[in-house]
Amino acid sequence: MSYQFYKTLHLVSVMLMFSSLGGLLLHAMNGGTKANNPSYKLAAAGHGASLLVMLVAGFGMLAKGGFSFATNPWIHIKLLLWFVMGALVMVPARAPGLAKPVWVAAPILGGIAAWAAIFKPFTAAG
Ligand code: HEM
């Protein structure tokens, strides 16, 4: 698999993660519950699958690109955000009152992950 293939797969999974999470959050923002959401299983499965594919494709790029954890702290930023985005799927069912602030915060967290990938901060020069 080429680097470009992994990157395309990575970005498609990022899009699926946001559409799944966004749908669950919007339902909770409108007063909906897990019980009265007929699409809950589809959205939750989409979120889970997207995180798995995102991780596999991310590690695929790390291997192809020869990025080591020790000299690329930006990877740690992305892994931390990956865990946070994973945990946020619990908000709609467990803390629906937080659905709106999470709906606003999620793209900002995604933006930080994109920034980390594009600017690769704190990477040793040379
Ligand atoms: C919240 C989770 C994540 C989001 C939203 C995200 C988003 C992105 C985006 C938008 C890019 C493209 C940047 C560009 O155009 O160059 C990217 C690239 C990349 N991501 Fe992620 N990512 C996430 C998690 C991860 C994880 C967990 C890993 C590692 C296991 C990872 C590894 C990479 C790598 C290696 C690149 C390519 C960097 C390059 O080509 O220079 N990402 N990611």
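Observations on the structure shown:
- The residues on offer are 34, 100, and the sole one that is open to solvent by 80 Å² or more (accessible area, probe 1.4 Å), in contact (Cβ under 8 Å) with a residue 12 or more places away in the chain, at negative phi and part of a helix (DSSP H, G or I) is 100.
- Subset of segment 61-76 [assigned to a helix (DSSP H, G or I), open to solvent by less than 60 Å² (accessible area, probe 1.4 Å) and near the ligand (Cβ under 9 Å from one of its atoms)]: 61, 62, 65, 74, 75
- Filter result for residue 58 (within 9 Å of the ligand (Cβ to nearest atom), open to solvent by less than 60 Å² (accessible area, probe 1.4 Å), part of a helix (DSSP H, G or I) and in contact with a helix residue (DSSP H, G or I) (Cβ under 9 Å, 6 or more places away or on another chain)): yes
- Test: residue 107 is within 21 Å of residue 11 (Cβ to Cβ) and open to solvent by 40 Å² or more (accessible area, probe 1.4 Å): yes
- For residue 51: the one exception among (1) within 14 Å of the ligand (Cβ to nearest atom); (2) farther than 15 Å from residue 17 by Cα: (2)
- Subset of segment 16-31 that is more than 14 Å from the ligand (Cβ to nearest atom) and open to solvent by 70 Å² or more (accessible area, probe 1.4 Å) - its residue that is nearest to residue 74 (Cα to Cα): 26
- Given (1) loosely packed, with under 12 Cβ neighbours inside 10 Å; (2) aromatic (Phe, Trp, Tyr); (3) near the ligand (Cβ under 8 Å from one of its atoms), number of the condition residue 82 does not satisfy: (1)
The values are calculated or read from the model by the stated rules, or taken from the named source; none is laboratory data. As the structure is a computational prediction, the values presented were derived from the model and not from experiment. Cβ coordinates were reconstructed from backbone atoms using ideal geometry, including for glycine residues, and neighbour counts include every protein chain displayed. Only protein heavy atoms, including side chains, enter the accessible area calculation; ligands, DNA and RNA are left aside. Shrake-Rupley method; radii C 1.70, N 1.55, O 1.52, S 1.80 Å.
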